[in-house]
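Beneath this line is the structure, given in structure tokens, with notes to follow.
Nothing in this text is a laboratory measurement; each read-out follows from the coordinates by a stated rule. Remember, it's a predicted structure, so these values are computed and weren't measured experimentally. Positions of Cβ are generated from backbone atoms using ideal geometry, with glycine treated the same way; all protein chains shown enter the neighbour counts.
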């Protein structure tokens with residue numbers, strides 16, 4: 001950083017200015033973006049107030065501060081390389097002060113960024129937490145794009161470091177792309193090896209139990225996954241992580257829905273972590289094929305009937321109205337909106353009180369094509385005395401007291 005103090009007094013003010021500059025980036029164009037940081041102090045003569053400040057490069061104003069209390073300014077501007085005179089002035093309602101004495105400064109030709117990626121660990125047993133950092137070897141960097149190679153979302157930072165935890169046994173490629181103000185980039189990668197967890201003596205790992213609504217079909221089709229049957233002897237399951245094996249982002253939660261579009265064989269994985277931090281993973285196989293060119297999608301449809309209503313609501317659902325004009329329906333998947341999935345053409349489901357649910361049915365035919373239909377919300381209240389009132393594909397069960405008293 002280079003500082004150039006300049007003092008210039010006038011009838012309006014007395015300026016003491018410091019210019020510091022650092023070249024942030026480069027491009028192959030005649031004019032690149034440059035960023036400079038300036039600091040100043042000033043004294044006002046007489047009763048004149050200052051409204052703001054101008055920064056000049058030669059005869060042109062390149063930046064302005066509209067706050068009279070500012071004492072610093074970050075200015076980004078386009079310029080070809082070379083030595084130029086910079087000036088600072090103050091302005092008010094009565095006009096502008098004379099320019100400060102010129103301070104020459106050389107804007108060098110900017111070089112593209114070059115970085116090196118480092119990690120505080122390159123291997124370990126589950127779970128592995130790595131702090132990644134990017135060292136700038138050349139140029140200047142304004143933003144860093146981090147990719148961890150495990151299906152988690154990429155992230156942008158302005159800092160040159162980030163921390164990430166790997167929960168699944170595998171070899172990962174972590175990547176950073178450094179970008180300067182002119183969008184020049186440099187990308188570097190490293191490898192992190194994650195090994196199975198070493199269990200303490202006498203500790204049993206949890207069991208990840210993954211279930212899928214469908215295992216094969218013509219793409220695109222959606223698969224409903226659940227890990228509700230996963231167990232642990234060490235307290236409870238605290239986290240469920242889904243990796244769909246198609247370079248998409250991972251998902252979190254006991255259940256997940258994912259769409260596969262590209263033909264291929266996939267091995268989606270459920271990783272569970274219990275309250276003691278013990279990890280276990282399990283996978284299933286999903287086969288996606290090309291759909292027949294002349295195949296029509298099935299049509300999902302269903303009816304319902306009331307079974308019981310008291311402290312909870314029990315309904316029968318029947319998917320008989322579902323049709324497939326050129327094949328057969330192979331699977332029926334019901335989503336009841338409360339993290340509950342069921343399969344089969346006819347199901348019975350009990351809903352807890354005081355909830356709003358959206359019910360959907362997804363049917364898949366023998367070519368893997370799908371169709372989904374939904375039923376509007378079902379709302380019902382405790383202490384029911386009134387009869388069922390029907391509303392366009394929904395049920396509203398009322399009680400004697402108005403909703404405002406619930």
Subject >> Spin-label pair residue 72/residue 238, simplified geometry with 7 Å Cα→Cβ offset, distance in nm >> reply: 4.0 nm
Original post:
How would you rank 128-138, 218-228, highest first, on the average number of other Cβ atoms within 10 Å across their residues?
Top reply: 218-228, 128-138
Subject >> Using a Förster distance of 56 Å, the FRET efficiency for residue 198-residue 92 (Cβ separation, nearest 0.05) >> reply: 0.20
Original post:
In whole Å, what are the Cα extents of the stretch 211-289 along the three principal axes, biggest one first?
Top reply: 41, 21, 15
Subject >> residue 215-residue 325 pseudo-label distance in nm [points 7 Å out on the Cα-to-Cβ vector] >> reply: 3.2 nm
**OP:** Mind giving me the FRET efficiency for residue 185 and residue 129? R0 is 25 Å, r the Cβ-Cβ distance, nearest 0.05 is fine.
**Re:** 0.40
**OP:** Going by C-beta contacts inside 10 Å, put 156, 334 in order with the fewest on the left.
**Re:** 156, 334
Subject >> Residues 146, 252, sorted so that the one with the fewest Cβ neighbours within 10 Å comes first >> reply: 252, 146
**OP:** Run the quick spin-label model on residue 360 and residue 297: label points 7 Å from Cα toward the beta carbon, then report their separation in nm to one decimal.
**Re:** 1.2 nm
Subject >> Contact order normalised by residue count of the stretch 227-282, Cα under 8 Å, 6+ apart, percent >> reply: 40 percent
Original post:
Could you put 183, 260, 56 in order, starting from the residue whose Cβ has the fewest other Cβ atoms within 10 Å?
Top reply: 183, 56, 260
**OP:** Could you work out the relative contact order of the stretch 134-289, using alpha carbon pairs under 8 angstrom and six or more residues apart, expressed as a whole percent?
**Re:** 21 percent
**OP:** Take the Cα atoms of the stretch 114-195, find their three principal axes, and give me the spread along each one in whole Å, biggest first.
**Re:** 40, 22, 16
